[in-house]
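Bear in mind that the values in this text are calculations on the coordinates, not laboratory data. Everything numeric in this text was worked out from a predicted model, so none of it was measured. Neighbour counts are summed over all protein chains in view; Cβ atoms, including those assigned to glycine, are modelled from backbone coordinates with ideal geometry.
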């Protein structure tokens, strides 16, 4: 019985640690490294607010303009969620809930939830379309 409780506690701790992995140590303000976007500290010309509820984002797709600075803000309407789009160097979660990026590459990029949020977590995704 004690071994089972210890095992479950260990798994819970491991899942808690894994959900926080991958956070950028520099707050996401990085220069373009040859990928699809540049994170900048300049003001944005456009803004998108992405509202997250348990197991879904408020839209199936979000449209961005190539070369135009956009501030992307995550609003957790219910539950605790994050955003991850590796190709655009976009990661939002925890205390870092907004970021200005300049998409430099056109295309459709899959946005996923970066914080484990329950049984429907793996289906929580949307598309960022850069035109």
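Values for this structure:
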| quantity | calculated |
| --- | --- |
| Estimated inter-spin distance, residue 75 and residue 119, nm [label 7 Å along Cα→Cβ] | 2.9 |
| Neighbour-count order for 109, 55, fewest beta carbons within 10 angstrom listed first | 55, 109 |
| Packing-based order for 96-106, 81-91, 67-77, using average beta carbon neighbours within 10 Å, highest first | 81-91, 96-106, 67-77 |
